[in-house]
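First up is the structure itself, then whatever we jot down about it.
Each value in this text was obtained by applying a stated rule to the coordinates, not by laboratory testing. Bear in mind that the values here come from a model prediction, so they are computed numbers and not experimental data. With ideal geometry, Cβ positions are generated from the backbone for all residues, glycine too; neighbour counts draw on all protein chains shown.
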Amino acid sequence: MTESEEDAVGRDTRAPPFVGGIARGAPRIGCKGGAVGEEEEEGLEREASVVARIELCHALVRERRWREMRACLTQLVSEQGSGSAPTLCDILWHRFREWDPNSCVWDALANSYARAQMVHDALYVLSKMSSLNMKISVFTYDSLLHGLRKTDMALELFEEMESRGVSPSEYSHSIVIDGLCKQDKVGEALSFLQEARKEGRFKPVGMAFNILMSALCNWGFVQSAKSFLCLMLKYGLIPDRYTFSTLIHGLCKVGSMEEALDLFERVTKEGMGLDTVTYNSLINGYRLLGLTREITKIIQIMRSQGIEPDLVTYTILIAGHCEHGDVEEGMKIRKDVLDQGLQLNIVTYSVLLNALFKKGLFYEIDNLLAEIYNIGLDMDVVAYSILIHGYCKLGEIERALQVCNVMCRSHRVVPTSLNHLSILLGLCKKGLLVEARWYLENVAIKYQPTDVVFYNAVIDGYAKIGDIINAVHLYDQITVAGMHPTIVTCNSLLYGYCKSGDLELAESYFRAIQLSGLLPTAVTYTTLMDALSEAGEVNAMLSLFDEMAAKRIKANAVTYSVVIKGLCKQLRFDEAISVLSDMNNEGYADPITYNTLIQGFCEAQNIQMAFRIYDIMLCRGLVPTPVTYNLLINVLCLKGKVNQAEMLLESLREKGIKLRKFAYTTLIKAQCAKGMPINAVLLIELCRKVTSLSIYPYYMHLLSKLVLKNIQIKNVKSLRLYLKFSFWSSGSAQTEDMSCGDIFSSISSGEYILGRPLSKAAESGYKQVLICSCPTNKTSINEADRQMALRSWNVKFRRISRDATTVELQLCNDKFSVIEWSLYRHH
């Protein structure tokens, strides 16, 4: 049947007249001795209505009014609902089997069920039709294939269709291919297409090729997808916009941006207008490569073609900035989008929330959540998960629990197992094992988890604090509940035994793990090996290391670090270097392992070998960590090679390497110890410029070293120290505490304290620099010494304006050492 047949004039076959909506001569089903109860009467009325509808469908078929007939059956199927096929089939068979267009109505009924996604009813109708030898149309098969395309039954139904002599339509193959691809069975889809082509049954249509190309691109097989472009041309099919968009998306996904742009330019030059989806693919490709700046160019091209960026475009752009740590730019783009009158969706907000959590920006997180609430946007499970995970990571367990409670009360989404696991891990990380145990028991009661992941988290928490008793008790609870402990469970318990210091019990448990049937992992061996190394049992550790190799358990970087650390502790450096070489041969390259060996040589104060390992590290393309530089600078300072340490630090700075506080403070202390105050002052100044470190204590340390070393200003008539201070400024936070009063709590020990903070020193006015000193043979100062100091020192004054940061002290004396200094306002 075709749509055009609706206008054709059919045979003038009349239906039998009906009485009361029921065909004449039809038995009245459900009557008992002529007495019809109320429920039976209602049933008869419903049946009569169904019969009348089916009669109408037959009449419409005779008049070739196919669309109206299908609409009538669609409404009937919708009203009767799922599971109604047996009833309707019974009525069709008993009431209408002699009617001329009956088979057409059967076929349309099956089609209606298939289109309504009532697959089981459709299959029931088809089975009845098969048993009655009725012909099933290809359109009904296609509808049912579409409904079953994501199941294994689709292929069986297709084979049944062919076995019944029904020739597939041009869409039949596409539907099956689409279903196989949606089930991630791309290989089977390719085989299905190849077989159909081989047997000459394949009817080429662009949809089938586009579906296959899309699936291949999603799997990263772009070159295979491109081959179908040639096949399309071979069949005389013209690739459409979807075809090129699919290929561009695939090329962007694998990072082939040049090829994607080349294809994009060729297509646009040929006059084919690409849509926003294609542009978004290009933008996302640049995001994946970290080339956020290129995205702006694509957006400009979009606008030049009259295509405005949509919400997906802006979400990709925001994600690109956030992934590179520039959450401020992401928030700025958000504001620009809102100013344009667009409303962000929860996906965009989730991207921003995730980035803000990584930065620990609580204030901005609260503002963004308030914005989501004010616009009435519903949170999805991803957004809730980001909140729970983010709060747990930052130690805000209470807020994570609040989010979880809100999630439960929403009745739209429920916490996932990962949400519960995040909370358990967060509680354990903070040492709140009592709360973690309570939470675990509540989750177990409510959700009845069948795996041991939750229990593993709490057992590991107990093990890390050395509470082996509670860890074992929870382990027993797992086995009583019928759950099976995993190797992760056993690894945590093994760590607990090692943590408690009972190596004998730890080794016994290790052997028990092997006998239990569980396969020990590299973590299992490394845990026990580390405990043996710490206990000085290096030979036993090496035996386990050899056992790992014999059992073909691949060691990881941590394993090699543990072995090297143990060997270094016993000064067995040759063996340690040999293990490092084995690690390199295995293809591992981890800075932690190199740092371990460097640390071993540094502790042995073997500078030459420490730097040799450092050079090997660089040759292998590894990027040294801040720990590496801290170790090297520290060992140079310990050996008194302060100048070399200074040169190393300067070279690292020139390379743009950011150093931590330890590197600076170590060198400053060494400079003070070696009597190099000027160098120390310059380094402190440099430290203040390049880091956010508080440098005031190091000035105090410098001055204490001057006193302790009894450095007197003898031969120098004038020593100018340019000391830089960070002051309170209007509207800004305090960046530095200045001492006012006593500076040192103990001159003899060289300790220093932060005294009372100077009140807002940015106030304009004259400041008096008051130098308090004492004779060099004293370590304390009394009032007489103070007065003599004031007379003997040449004290200079200098005006300090609101924005000034420099105070110049001119000190001229050869009998006194500086032990106190303060900054007062000059009245």
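Some points to look at:
- Pairs exceeding a 29 Å alpha-carbon distance, out of K182/K297; K182/K332; K429/K661; K198/K269; K297/K658; K185/K253: K182/K297; K182/K332; K198/K269; K297/K658.
- Annotation: peptides 408-421, 572-585, 272-285, 240-253, ranked by per-residue average of other Cβ atoms within 10 Å with the highest first, follow the order 240-253, 272-285, 572-585, 408-421.
- Local net charge near P86, Cβ-Cβ under 14 Å (Lys/Arg +1, Asp/Glu -1): -2
- Gained length - Q605 relative to S130, 0.36 nm times residue gap less alpha-carbon distance: 162.0 nm
- Annotation: for a label point projected 7 angstrom from Cα along Cα→Cβ of D336, residues of the range 267-302 with backbone N closer than 15 Å are 292-302.
- Between A71 and F221, full extension at 0.36 nm per residue minus the direct alpha carbon distance yields a gain of 49.6 nm.
- Separation in nanometres of the label points that stand 7 Å from Cα toward Cβ, at R552 and K297: 5.0
- Between the beta carbons of S304 and E199, assuming R0 = 51 Å, the FRET efficiency works out to 0.55 to the nearest 0.05.
- Projected label points at E575 and C230, each 7 Å from Cα along the beta carbon direction, are separated by 6.0 nanometres.
- Relative contact order (%) - criterion: Cα under 8 Å, at least six apart; region: the range 361-435: 29
- Order by protection proxy (mean Cβ within 10 Å, highest first), peptides 113-119, 73-79: 113-119, 73-79
- Each peptide in 376-383, 610-617, 631-638 was scored by the mean count of other Cβ atoms within 10 Å over its residues; highest first, the order is 631-638, 610-617, 376-383.
- Taking a point 7 Å from the Cα of Q477 along the Cα-to-Cβ direction, the residues of the range 413-443 with backbone N closer than 17 Å to it are 420-429, 431-443.
- Those residues of the range 149-164 whose amide nitrogen sits under 20 Å from the label point placed on S82, 7 Å along Cα→Cβ: 149-154
- The length gained by stretching the chain between D451 and E504 to full extension, at 0.36 nm per residue less their Cα-Cα distance, is 16.0 nm.
- The L361 and E170 beta-carbon pair, evaluated with R₀ = 41 Å, returns a calculated FRET efficiency of approximately 0.15.
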